[in-house]
Amino acid sequence: MTILLSPGLAQASIALLDLLQRRPLSAQELLSGLPKVGGMSSTSALSLAESLAWLDINEMGQLQASAAGLKVHNSDGYEAALRCILLHYVETQNPDWLQNAIYGRSRVLSFCPVGVHQVFVEAGLAGAPSDDVVEFWDWLAGIARGLQRDHLLAIGREGERLTLTHEESRTGTKPRWVAVDNNQDGYDVLSVKDSSDRAFLSIEVKASRGGNDRRLHLTRREWEMALDRPYHVFHLWDLSSTPPILATVGIEEMAVHIPSDAGSGGWESVEIPFKAFESLFGPALL
């Protein structure tokens, strides 16, 4: 369960680190002998510190600051400590609101919980965009992009697994999962045309959980590689349906939605809504 961050809890966790630097205590000693730390319950402060990986246990069984905890403790002032806490928080807790950082800080400040919003304010991150403030938000956006890539990769892999099952049922031949070995081939799965025609069929898989906002992203390289293949289709998986449904889209059907170069410009990627192929979706062989 994600811990709800607030300025009070952040201050209490900083106070806990300061206390442990002066007087090492076991967790039991802390909780039984010191009900509050920095105006908050010691239980809450300890929970946050543990969840952010700020604590180690020494050979005496006492709590001590980890490298991450020392980074907070040694921060140059309160604002710097809060910024450090925020980064540790998003890296360890992966809160839902973090994905908004890709679109800029106003989205984060609009959608994050009230307590977290106030931490951003007290950390000096909601005001004028100085160099250090811009650097922080860029860093946060980088973390969000990494998590988004992980999330999208997991969705893509789910679609690829479904294609493997569908193709084996359709052709009676076990297809090859190309994307696992090499994601530069321009397709994800290598199957055959059907049970009677063993010509190779390359398949680019696109999967979405987006519900009404289902979309596929197709790069120019993926499209050009598709055109170079003798037989190629796109598998679009709607994972928001139970069970998932599949649209098999051919080159000609996809070509209608591919942009054209104009003048000295050239397209690099295109986003196409799944609903453009609505009539092609149906049950898969799973």
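What to note about this one:
- For segment 74-184, the relative contact order works out to 24 percent when only alpha carbon pairs closer than 8 Å and six or more residues apart are counted.
- Residue separation of ILE251 and ASP228 scaled by 0.36 nm, minus their Cα-Cα distance, works out to 7.2 nm of gained length.
- Rounded to the nearest 10 degrees, the inclination of helix 131-171 to the longest alpha-carbon principal axis of the chain is 40 degrees.
- For segment 9-62, the relative contact order works out to 46 percent when only alpha carbon pairs closer than 8 Å and six or more residues apart are counted.
- When both bridge partners sit in the chain, DSSP labels roughly 80% of those beta bridges antiparallel.
- Its alpha carbons considered, segment 154-283 gives a radius of gyration followed by a Dmax of 14.5, 48 Å.
- On full extension, the segment bounded by ALA53 and GLU29 gains 6.7 nm, given 0.36 nm per residue less the C-alpha separation.
- Binned Cα-Cα distances of the chain, short to long, each 10 Å bin given as a whole percent: 6, 22, 21, 16, 16, 13, 5, 0
- Computed from label points 7 Å out along Cα-Cβ, the spacing between ALA80 and ILE3 is 2.3 nm.
- Sequence-separation-based contact order of the chain, relative, with Cα cut under 8 Å and 6+ spacing, percent: 12
- Local electrostatic count at LEU34 - Lys and Arg +1, Asp and Glu -1, tallied over other residues with Cβ under 15 Å: +1
- A simple packing score, the average count of other Cβ atoms within 10 Å per residue, orders the peptides 122-128, 22-28 as 122-128, 22-28, with the highest score first.
- All lysines inside 24 Å of LYS71 as judged from Cα atoms, apart from same-chain residues fewer than 8 positions distant: LYS36
- The helix-only estimate of mean residue ellipticity at 222 nm for the chain, built from DSSP H runs of length n ≥ 4 each weighted as -39500 (n - 2.57), is -14000 deg cm²/dmol after division by the residue total.
- Cβ-defined net charge surrounding ASP238, 12 Å radius [Lys, Arg +1; Asp, Glu -1]: +2
Coordinate-derived values only; no laboratory data. Fair warning: this is a prediction, and the values are worked out from it, not measured in the lab. Because the Cβ atoms are built from the backbone with ideal geometry, glycine has one as well, and the counts that use them run over all protein chains shown.
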